[in-house]
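*Asks:* One structure, as C-alpha cells, below. Some questions next.
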Amino acid sequence: MKNVVEKLIVDKTFMGENFSSERLPRAEYENCIFERCNFNKGYLDNQTFLECEFIDCNLSNANIVNTTFKEITFSQCKLMGLAFNTCNPFLMQMYFADCNLSFANFVEMKLIGQQFKSCNLEEVDFSDCDLSNAKFLECNLERSIFSRTNLQKADFSSATNFSLDPENNMVKEAVFSRETLQGLLHKYKLNIVD
C-alpha cells in the first residue's frame, strides 16, 4: 500500500537545518528552498519535491528510493553516492550546477537533455542511460562509466577526463573538442602528441 502524502508544504525556506539524524517530515514540498541543509546519510525516500531548489546542501549517501524530483535545481551541493536510479522516474527533471556527484548512480535512466554545469562526476555510472542531447559543461568525468549509453547529440565540448568507447555507446552527432578527443581513443592505448 502506497504511503499517503500527509501534507503539502509550499514556498517555505529551510536554512541550515540538519536532517541527517532527524528525518525531514513526510510531505509534498512545492517551490521550497533548502539552503545549507544537511541530509548526509539521511532518509528522503518516498518524498515529493516539485520546483524546489537545493543550495549548498549535503545529500551524500541519502536514501532517495521512490523520491520524486520534478523541476529541481541543485547548486553547490554534495550529492556523492546518490542512487538516482532508485527515484520515481515519472516527470523527473533536475538541473545540476557546481555539484559534486562522485559515485552517483544513473543506470538505465532517461535523462534526455540533462544538464550538468561545472560538476564533479568522478566514477558516476551512466550505463544503459539515455543521455541524448545532454550537456556536460565544464564537468570532470574521470573514471565515469559509459556503457551502452545513448549519447547522441550530447555536448562534451568542455568536459574533461572522460573515457568512452564509441563502439559501445551511441555517439552520433555528439560534440567533442579537439583537445579532448583522446577520451574517445582511450581503449586503444595510443600515444597522442601535439
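*Asks:* Would the range 6-16 turn up any residue that is surrounded by fewer than 18 Cβ atoms within 10 Å (Cβ to Cβ), in contact with a Ser or Thr (Cβ under 6 Å, 6 or more places away or on another chain) and part of a strand (DSSP E or B)?
*Replies:* No, because not a single residue in the range 6-16 is surrounded by fewer than 18 Cβ atoms within 10 Å (Cβ to Cβ), in contact with a Ser or Thr (Cβ under 6 Å, 6 or more places away or on another chain) and part of a strand (DSSP E or B).
*Asks:* Looking only at the range 39-62, how many residues end up being open to solvent by 50 Å² or more (accessible area, probe 1.4 Å), not charged (D, E, K, R) and not in a loop (DSSP other than H, G, I, E, B)?
*Replies:* Matching residues across the range 39-62 total 1.
*Asks:* Continuing with the same structure: Residue check: is E108 of a type in the set (D, E, K, R) and in contact with a helix residue (DSSP H, G or I) (Cβ under 8 Å, 6 or more places away or on another chain)?
*Replies:* Yes, satisfied.
*Asks:* Something else about it: Condition first: exposed (fewer than 11 other Cβ atoms within 10 Å of the Cβ), in a loop (DSSP other than H, G, I, E, B), out of contact with any helix residue (DSSP H, G or I) (no Cβ under 6 Å at 6 or more places or on another chain) and modelled with pLDDT under 90. Now tell me which residues in the range 160-194 satisfy that.
*Replies:* K189, L190, N191, V193, D194, listed by residue number.
*Asks:* Name the residues in the range 63-72 that are assigned to a loop (DSSP other than H, G, I, E, B), among the hydrophobic types (A, V, I, L, M, F, W, C) and surrounded by 18 or more Cβ atoms within 10 Å (Cβ to Cβ), would you?
*Replies:* Of everything in the range 63-72, just one residue is assigned to a loop (DSSP other than H, G, I, E, B), among the hydrophobic types (A, V, I, L, M, F, W, C) and surrounded by 18 or more Cβ atoms within 10 Å (Cβ to Cβ), namely I64.
*Asks:* Here's another thing I want to ask about it. Could you please let me know if S102 is assigned to a loop (DSSP other than H, G, I, E, B), out of contact with any helix residue (DSSP H, G or I) (no Cβ under 6 Å at 6 or more places or on another chain), open to solvent by 10 Å² or more (accessible area, probe 1.4 Å) and among the hydroxyl-bearing types (S, T, Y)?
*Replies:* Judged against the criteria, S102 is not a match.
*Asks:* In addition: Give the residue, chosen from F136, F116, F96, that is in a strand (DSSP E or B) and under 23 Å from E167 (Cα atoms).
*Replies:* Working: F116 fails: under 23 Å from E167 (Cα atoms); F96 fails: under 23 Å from E167 (Cα atoms).
Exactly one of F136, F116, F96 is in a strand (DSSP E or B) and under 23 Å from E167 (Cα atoms), namely F136.
*Asks:* Those residues that are small (G, A, S) and more than 21 Å from N58 (Cα to Cα), I need them from the range 104-143; list them, please.
*Replies:* Answer for the range 104-143, where residues must be small (G, A, S) and more than 21 Å from N58 (Cα to Cα): G113, S127, S132, A134.
*Asks:* Within the range 139-159, restricting attention to residues that are farther than 22 Å from C99 by Cβ and part of a loop (DSSP other than H, G, I, E, B), which residue is most open to solvent (accessible area, probe 1.4 Å)?
*Replies:* Filtering the range 139-159 down to residues farther than 22 Å from C99 by Cβ leaves 147-148, 150, 152-153.
Add one more test, that the residue is part of a loop (DSSP other than H, G, I, E, B), and what stays is 147-148, 152-153.
Details: S147: 21, R148: 133, Q152: 61, K153: 106 Å².
Here the answer is R148.
The values are calculated or read from the model by the stated rules, or taken from the named source; none is laboratory data. Quick caveat: nothing in here was measured; it's all calculated off a predicted structure. Here Cβ is always computed from backbone atoms with ideal geometry, including for glycine, and neighbour counts include all displayed protein chains. Heads up: the accessible areas ignore ligands, DNA and RNA and are worked out on the full protein's heavy atoms, side chains in. Shrake-Rupley method; radii C 1.70, N 1.55, O 1.52, S 1.80 Å.
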